Amino acid sequence: MKVVGLTGSIGMGKSTAASTFRRLHVPVFDADAAVHALQSRGGRAVAPIGAAFPGTVREGKGGLMVDREALRRAVLGNSAALTRLERIVHPLVRDAERRFLAAARRRAERLVVLDIPLLFETRGEGRCDCVVVVSAPAAVQRYRVLRRPGMTPERLRYILSRQVPDREKRRRADYVVETGISRHHAQRAIRALVREIRSR
Ligand SMILES: CC(C)(COP(=O)(O)OP(=O)(O)OC[C@H]1O[C@@H](n2cnc3c(N)ncnc32)[C@H](O)[C@@H]1O)[C@@H](O)C(=O)NCCC(=O)NCCS
Ligand SMILES: Nc1ncnc2c1ncn2[C@@H]1O[C@H](COP(=O)(O)OP(=O)(O)OP(=O)(O)O)[C@@H](O)[C@H]1O
């Protein structure tokens with residue numbers, strides 16, 4: 001089974017690229033979705049986050065859940081706190097990824113994608129046969145991200161300071177998918193890539 005890592009900085013188009021892979025019947029592990037599940041009702045990260053960051057867990061429908069807004073306020077801009085949160089969350093995401101890979105192997109999949117925003121930051125590329133980086137010019141990225149409700153230039157600057165820079169990601173990639181041209185262009189590039197990887 002070939003394991004393709006999919007990564008890219010904030011707003012570069014990972015989720016959009018992941019949908020294209022799914023449409024081509026490639027199973028995708030979504031690390032962001034795994035974080036959401038871990039922080040939702042019954043999730044394994046709820047209790048340790050509540051203990052480490054008082055006031056960030058609340059009663060939801062049918063159980064305790066992380067209040068992401070409160071957690072964001074507690075960690076964004078505070079590097080020691082964000083590192084503490086990563087130490088709680090990342091090993092649990094890794095567990096979920098292992099289960100995803102084991103299930104894919106049992107189904108004898110030939111190709112899967114790991115969509116991981118912090119792939120290089122967490123040295124995840126070692127677990128992948130090749131790495132695809134989605135990338136667009138910085139001005140396009142900035143425009144996309146600042147359109148999101150609640151996003152500010154300061155938040156964006158802080159998040160970027162915690163991510164491997166785009167130019168280094170491009171350098172370390174096996175394939176770069178340009179997402180600043182058009183959706184159609186990116187979809188075509190991914191289709192060609194899947195064909196190439198499957199034929200190897
Ligand atoms: C801090 C939290 C609560 C903020 O949640 P919120 O819904 O406001 O933002 P969201 O998760 O959509 O992230 C917004 C952007 O920040 C980036 N980002 C998130 N966490 C990190 C991080 N630890 N380091 C660098 N960038 C990050 C994401 O890639 C995304 O582009 C949340 O991001 C979180 O729990 N982060 C820790 C877990 C983590 O490292 N996730 C990233 C990939 S697995
Ligand atoms: N190839 C593309 N052409 C045009 N617009 C795109 C393309 N890919 C993504 N976009 C747009 O860019 C924005 C960000 O895309 P997306 O949500 O996929 O990024 P992301 O990398 O998953 O973001 P994050 O790191 O914040 O999770 C969205 O508004 C999306 O519609």
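We did not get these values from a lab; they are worked out from the coordinates using the rules stated. On a predicted model such as this, the values are computed, not experimentally measured, just so you know. For neighbour counting, all protein chains shown are included, and Cβ atoms are generated from backbone atoms with ideal geometry for every residue, glycine included.
Below, the figures for the structure above:
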{"read-out": "Qualifying residue in the stretch 164-174 (condition: without any contact (Cβ under 8 Å) to a residue 24 or more places away in the chain and within 14 Å of ligand 2 (Cβ to nearest atom))", "value": "no"}
{"read-out": "Per-region count, the stretch 1-20, residues β-branched (Val, Ile, Thr), part of a loop (DSSP other than H, G, I, E, B) and more than 6 Å from ligand 2 (Cβ to nearest atom)", "value": "0"}
{"read-out": "Matching entry among ARG110, ARG58, ARG73, ARG23 (being within 16 Å of ligand 2 (Cβ to nearest atom), of a type outside the set (Asp, Glu) and more than 18 Å from the chain's Cα centre (by Cα))", "value": "ARG23"}
{"read-out": "Looking only at the stretch 8-39, and only at residues there that are within 16 Å of VAL145 (Cβ to Cβ) and out of contact with any strand residue (DSSP E or B) (no Cβ under 6 Å at 6 or more places or on another chain), the one that is nearest to ligand 1 (Cβ to nearest atom)", "value": "ILE10"}
